[in-house]
Amino acid sequence: MKKLMVDMDNVITDGRYLDYINEFLNTDYKLENQTEYYLQNLVGDRVDEFWKEFGNKNVYQDAPLIEGCYKALEELNKKYEVYIVTAYFWGGSNEAISNNIKDKYNYLTEKLPFISPQNFIFTSNKHLIDSDIVIDDRINNLSNGKLKLLFNAWHNRSISNDELKEKGIVRVYNWNDVLREIENYN
């Protein structure tokens, strides 16, 4: 059975990270208006204060799945070995990092109960994992896949089609695109 590696953040859910930044700064930032991957840079020189206040918050509590994700992953899970491969280290204290792993685990088991928790991989080094199909929102996490799908997100919009083509990467805008590209690949 072919292996399918799926990123969590910005592919399965956007979490509520920006909500906490807006609460902290008393702002109304929107994801679609952002261009930088590291949203915590929005807090500027107050980053230590931010982590102290929000480092232990569950950014996945009440966070919705990205539209079409559940149905698509449920279908793909019948045909592939689906692994959720997600980074866990964002900053803050060791306690915050530990809580982030726990929060991600709980979110995935609740929202995607058909994927075995044994198929959750928490790592910041995704390039160490080979897979037949990789779906991620960061171009540098797509190096070890035969079919490389870049899930469109606020921080990767400026990557040109020429660069993607040169690296053998296909941009997908939603989970219907994912299903179509995988079907065309097989």
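The values are calculated or read from the model by the stated rules, or taken from the named source; none is laboratory data. On a predicted model such as this, the values are computed, not experimentally measured, just so you know. With ideal geometry, Cβ positions are generated from the backbone for all residues, glycine too; neighbour counts draw on all protein chains shown.
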Look through the range 58-73, keep the residues that are surrounded by fewer than 18 Cβ atoms within 10 Å (Cβ to Cβ) and either in contact with a Lys or Arg (Cβ under 8 Å, 6 or more places away or on another chain) or at pLDDT below 95 (or both), and return whichever of them is nearest to residue 177 (Cα to Cα).
70
Members of the range 41-84 found to be within 16 Å of residue 109 (Cβ to Cβ) and in a strand (DSSP E or B), listed by number
65, 82, 83, 84
Just give me the residues in the range 74-102 being modelled with pLDDT of 90 or more and over 14 Å from the mean Cα position of the chain (by Cα), in sequence order.
74, 75, 76, 77, 78, 79, 80, 81, 82, 102
Considering only residues that are of a type in the set (A, V, I, L, M, F, W, C) and not in a loop (DSSP other than H, G, I, E, B), look in the range 103-129 and name the one that is modelled with the lowest pLDDT.
128
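Step by step: first the residues of the range 1-40, then only those that are of a type in the set (A, V, I, L, M) and part of a strand (DSSP E or B), then the one that is nearest to residue 52 (Cα to Cα). Which residue is that?
6
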Identify all residues within the range 157-186 that are touching a residue at least 24 places away in the same chain (Cβ under 8 Å), assigned to a loop (DSSP other than H, G, I, E, B) and surrounded by 12 or more Cβ atoms within 10 Å (Cβ to Cβ); write none if there are none.
167, 174
When the range 106-142 is examined, which residues are found to be of a type in the set (Phe, Trp, Tyr) and out of contact with any helix residue (DSSP H, G or I) (no Cβ under 7 Å at 6 or more places or on another chain)?
107
Taking the range 1-42, which residues are aliphatic (A, V, I, L, M) and either in contact (Cβ under 8 Å) with a residue 40 or more places away in the chain or surrounded by fewer than 16 Cβ atoms within 10 Å (Cβ to Cβ) (or both)?
1, 4, 5, 6, 8, 11, 12, 25, 31
